[in-house]
Amino acid sequence: MPTFVSQAPKQLSDGSSRGVTMGLSANDRISFYNATPVTQPTGATSNVPVTASSQTLSGQLGSTAGVGFSTVAMFGAFVSTIAFMQTDLLAVQANLNALHQAMSSTGFTKGS
C-alpha cells in the first residue's frame with residue numbers, strides 16, 4: 001500500500017486562543033533553521049560587541065565657544081547634551097548587538 005506524504009507545512013498551533021510556547025524553562029534549548037540549539041540568553045548585555053567609538057565630542061571640539069554660541073557656557077551645555085546623546089546611542093547599539101547575537105545564535109536570523 002503506498003504511503004502518502006503531505007506537502008503542507010506542519011503547524012505549531014493547537015488552534016486555541018492561549019497561544020503556543022516553545023521551551024518550558026530558560027534551560028530548554030531551541031533553534032531555527034538547523035542551527036545548534038541554545039538555552040535562553042541570561043541577559044541583554046551578555047557577550048555584547050560594541051564597535052562604536054567612545055571618544056566624546058568635547059574632546060574633538062575643545063573648550064572654547066564655537067560659531068553660533070554667544071557664551072562658553074552655552075557651548076558647554078551643547079557639548080554635554082551631545083555627549084549624553086552619544087552615551088544613549090552606544091547603549092542602544094549594545095542592546096541591538098545583543099538582540100542580533102541572541103537571534104543569530106538560535107538560527108532565527110543569519111549571523112554576520
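Have a look at S53, S16 and point out the one that is modelled with pLDDT under 50, small (G, A, S) and either surrounded by fewer than 13 Cβ atoms within 10 Å (Cβ to Cβ) or over 17 Å from F108 (Cα atoms) (or both).
Going through S53, S16 in turn, just one is modelled with pLDDT under 50, small (G, A, S) and either surrounded by fewer than 13 Cβ atoms within 10 Å (Cβ to Cβ) or over 17 Å from F108 (Cα atoms) (or both): S53.
Answer yes or no: is there a residue in the stretch 23-35 that is over 17 Å from A98 (Cβ atoms), modelled with pLDDT of 75 or more, in contact with a helix residue (DSSP H, G or I) (Cβ under 8 Å, 6 or more places away or on another chain) and outside any strand (DSSP E or B).
Keep residues of the stretch 23-35 that are over 17 Å from A98 (Cβ atoms), which gives 23-25, 27-35.
Subsequent filtering for residues that are modelled with pLDDT of 75 or more retains 23-25, 27-35.
The next check asks that each one be in contact with a helix residue (DSSP H, G or I) (Cβ under 8 Å, 6 or more places away or on another chain); those that pass are 35.
This time we only want the ones that are outside any strand (DSSP E or B), so: 35.
Yes, the conditions are met somewhere in the stretch 23-35.
Return the pairs, sorted by first residue and then second, in which the second residue is charged (D, E, K, R) and assigned to a loop (DSSP other than H, G, I, E, B), the first residue lies in the stretch 4-23 and is within 18 Å of Q40 (Cβ to Cβ) and without any contact (Cβ under 8 Å) to a residue 12 or more places away in the chain, the beta carbons are less than 9 Å apart, and the residues are 6+ apart or on different chains.
Close Cβ pairs satisfying both conditions: V20/D14; M22/D28.
Return yes or no: is P2 surrounded by 10 or more Cβ atoms within 10 Å (Cβ to Cβ) and modelled with pLDDT under 75?
No: the conditions fail for P2.
The values are calculated or read from the model by the stated rules, or taken from the named source; none is laboratory data. Predicted model only: the values in this text are computed from it and were never measured. Please note: Cβ atoms are built from the backbone with ideal geometry, for glycine as well, and neighbour counts cover all protein chains shown.
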